[in-house]
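Trainee: Can you read through this structure? Questions will come right after.
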Amino acid sequence: MNAAATTNQQTTCLGCGRTLRAPKSIAAQRGPRCAAKVRAAEKTVDTSDYKAHQISSARELIADAAIIPLRSTVFLAVSTDGTETYRSAPTACTCPAGLKGSRCYHQLAARLLLAA
Ligand SMILES: [Zn+2]
Ligand SMILES: [Zn+2]
């Protein structure tokens, strides 16, 4: 029953809305073309304010489809333990670090997605 439910479930690309078939694309909820766009965005977005581990966390967040568009520039990001969700924008975030005014990797992920 679970297998049937999984087969019937269609996953569409968060970037362009096309139906995804490759398991890797489905996991990331992003097709190869849109994934490449996000990777290319890293070259256009200024990441100099971020540490290497934050950049890789932002990358993981996007690859795990743990940050999804909510409306125009606002994204819904899932915390690393999966228990909480934050509202993240390029310059603001509702996570504990973001509320303190720090630049968190959620903001970076939002920036990358908007630049893609
Ligand atoms: Zn796409
Ligand atoms: Zn945050």
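Each value in this text was obtained by applying a stated rule to the coordinates, not by laboratory testing. All values derive from a computational prediction rather than experimental measurement. A quick note on method: Cβ atoms are made from the backbone with ideal geometry, for glycine too, and the neighbour counts reach across all protein chains shown.
Trainee: Could you work out how far helix 52-63 tilts from the main Cα principal axis of the chain, as a 0 to 90 degree angle to the nearest 10?
Mentor: 30 degrees
Trainee: Just want to confirm a number: the relative contact order over segment 76-116, from Cα pairs under 8 angstrom separated by 6+ residues, in percent.
Mentor: Numbers: 47 pairs, mean separation 12.0, N = 41.
So the answer I get is 29 percent.
Trainee: With a point put 7 Å past each Cα toward its Cβ, work out how far S72 is from S48 in nm, to one decimal.
Mentor: Taking the simple label geometry, S72 and S48 are separated by 2.9 nm.
Trainee: Under 30 Å between alpha carbons, and skipping anything fewer than 8 positions from K100 in its own chain: which lysines qualify?
Mentor: Straight-distance partners of K100: K43, K51.
Trainee: Next up: Quick one: which residues, 5 or more positions from S79 or on another chain, have an amide H under 5 Å from its amide H? H modelled 1.01 Å from N in the peptide plane, none for Pro or chain starts.
Mentor: Hits under the 5 Å cutoff: E84, T85, Y86.
Trainee: Next up: So what is the relative contact order for segment 32-115, in percent, with contacts set as C-alpha pairs under 8 Å and at least six apart? Write down the numbers at each step before the final one.
Mentor: Numbers: 105 pairs, mean separation 25.6, N = 84.
About 30 percent, as a whole number.
Trainee: Over all directions, how big on average is the projection of the convex hull of the alpha-carbon atoms in the chain, in square nanometres?
Mentor: Numbers: hull surface 30.8 nm².
Hull-based average projected area comes out at 7.7 nm².
Trainee: Take the Cα pairs of segment 63-116, get the Kirkwood Rh, then feed it into Stokes-Einstein at 20 °C and 1.002 mPa s and tell me D in µm²/s.
Mentor: Details: Rh = 10.8 Å.
Taking Rh from Cα pairs, D becomes 199 µm²/s.
Trainee: List the residues whose amide H sits under 5 Å from the amide H of T12, counting only those 5 or more places along or on another chain, with H placed 1.01 Å from N in the peptide plane.
Mentor: L20
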